[in-house]
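To keep things clear, I will list the structure first and then write my remarks on it.
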Amino acid sequence: MTSPASTLPKHSPGADSADTASRADALTRTITAPAPAPAAKRARPRLRALDGLRLVAALMVAAYHYGGRDGEISEAWGSSPQLQFPTAHNWFAYGCLGVQIFFVISGFVICMSGWGRPLRAFFASRVSRLFPSYWAAIVLVTAVFALPVVAYEAVSPSDALVNLTMLQQPLGVDRVLGVCWTLWAELRFYALFALFVVLPGANRARVILFCAVWMLAAVIAEGANEPLLDLVLMPEYAPFFIGGIGIYLVHRDRRDLTAWGIVGAGWLIGQHYAVDRLWHAPNPDFFSYRTSFGIIAVVTAGFAAVLLVALGALHRVDWKWLTVAGALTYPFYLVHEHLGWVTVAALHRGLGLPSYATFGLTIAAMLLLAWLLNRFVEERLTPLIRSGLMTRK
């Protein structure tokens with residue numbers, strides 16, 4: 001640190017009295033000036049390419065729900081999506097892997113946001129981020145499904161109220177939102193990360209230990225076939241969260257070989273689970289056929305895309321509208337499936353619009369609804385909830 005005297009102007013041995021007075025004044029100002037405030041923590045630059053990747057993953061899932069599977073969406077179209085999209089339905093079927101890409105992104109983001117943050121702040125950030133749009137989506141879908149003109153059955157009032165907790169799945173309660181099973185996986189990941197990393201304080205050694213122990217324990221849980229271990233450790237999804245955490249460590253230091261090893265292990269075991277759960281032998285009785293190569297390719301592309309963001313290779317992808325896209329992704333993901341059924345039925349069967357026009361307009365309608373939720377729900381409730389949870393009594 002520079003001493004106050006070193007900030008004074010240099011002078012020659014023959015300096016006059018005015019120069020001496022000037023130096024004295026400068027010294028007095030230096031001594032009596034208030035101490036500078038501590039330097040603010042440098043804000044992390046926003047990774048807008050990651051926002052764009054979030055939206056791509058959400059659109060993949062939407063394509064799967066609108067054209068890559070059978071079920072309730074067939075009622076909306078009036079026939080199977082195989083007939084609506086004779087060629088594209090096979091490609092849309094890979095869209096379900098957008099969830100695995102979400103989990104990789106989540107591992108990256110949660111490690112980044114939890115690093116150096118106390119448990120209280122971490123908890124407040126997660127609650128204020130997850131619940132405002134979620135509550136709004138629960139109320140909105142419940143209300144729409146209760147309309148007489150809507151053909152889909154609404155859940156009971158009691159089940160709808162339980163859904164507000166986001167804990168409906170372990171309680172065996174009917175889900176209002178079909179996609180909320182992924183939120184249950186996210187909640188368990190947050191709890192594990194908070195307990196074993198955020199609470200004791202995040203550092204490289206602790207994060208690496210967490211990844212190693214979780215991965216090994218998840219593999220043991222799979223081999224033990226013990227429901228309680230499966231519930232806590234999530235063997236099927238753990239490799240994706242862990243891979244994302246490893247990518248964040250690479251983001252901090254690309255020369256970290258251990259971090260690269262975590263990413264590699266996450267990818268290797270993650271693709272195994274993806275193929276094991278989503279591949280089947282060619283069968284005309286199934287809706288669509290995903291090849292094992294195609295599944296591996298999509299999982300690999302997801303890992304690679306997040307890695308490219310982490311390594312700065314996509315730093316040129318810094319368009320401001322991607323921040324908006326990132327903000328819309330979560331509310332879009334929440335409402336797109338069930339309200340998409342209603343929209344598809346209204347546009348395709350009600351107005352007689354062609355399949356692809358209906359598909360595109362439904363996506364646009366859900367994005368508009370997501371913008372409204374972000375603008376009038378998230379932007380108002382999120383800061384209130386966060387500040388309320390951070391206020392010490």
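The values are calculated or read from the model by the stated rules, or taken from the named source; none is laboratory data. Keep in mind that this is a model prediction, so the values were computed, not measured. Note that each Cβ is placed from the backbone with ideal geometry, even for glycine, and that neighbours are counted across all protein chains shown. Ligands, DNA and RNA are excluded from the accessible area calculation, which covers all protein heavy atoms including side chains. Shrake-Rupley method; radii C 1.70, N 1.55, O 1.52, S 1.80 Å.
State whether one or more residues within the range 162-173 are on the phi > 0 side of the Ramachandran plot, in contact (Cβ under 8 Å) with a residue 24 or more places away in the chain and either assigned to a loop (DSSP other than H, G, I, E, B) or surrounded by fewer than 16 Cβ atoms within 10 Å (Cβ to Cβ) (or both). Yes: one or more hits.
Return yes or no: is G340 touching a helix residue (DSSP H, G or I) at 6+ places or on another chain (Cβ under 7 Å), at pLDDT below 95 and either open to solvent by less than 50 Å² (accessible area, probe 1.4 Å) or part of a helix (DSSP H, G or I) (or both)? In short, no. Counting the residues of the range 145-161 that are surrounded by fewer than 17 Cβ atoms within 10 Å (Cβ to Cβ), among the aliphatic types (A, V, I, L, M) and assigned to a helix (DSSP H, G or I) gives 1. Close contacts from the range 356-381, counting a first residue that is more than 18 Å from I138 (Cα to Cα) and open to solvent by 50 Å² or more (accessible area, probe 1.4 Å) and a second that is of a type in the set (A, V, I, L, M) and modelled with pLDDT of 95 or more, with Cβ to Cβ under 6 Å and a gap of 6+ residues or different chains, come to L361/L347. Counting only residues that are farther than 20 Å from F210 by Cα, crowded, with 16+ Cβ neighbours inside 10 Å and either of a type in the set (F, W, Y) or under 21 Å from the mean Cα position of the chain (by Cα) (or both), the range 254-289 holds 4 of them. Taking residues in the range 135-153 that are farther than 17 Å from E72 by Cβ and in contact (Cβ under 8 Å) with a residue 24 or more places away in the chain, and partners anywhere that are open to solvent by 40 Å² or more (accessible area, probe 1.4 Å) and among the aliphatic types (A, V, I, L, M), the pairs with Cβ atoms closer than 8 Å and at least 6 places apart or on different chains are W135/L164; I138/L164. For I245, the conditions (1) closer than 23 Å to A88 by Cα; (2) modelled with pLDDT of 95 or more are fulfilled apart from (1). Among the conditions (1) modelled with pLDDT under 95; (2) surrounded by fewer than 14 Cβ atoms within 10 Å (Cβ to Cβ), the only one that L314 does not satisfy is (2).
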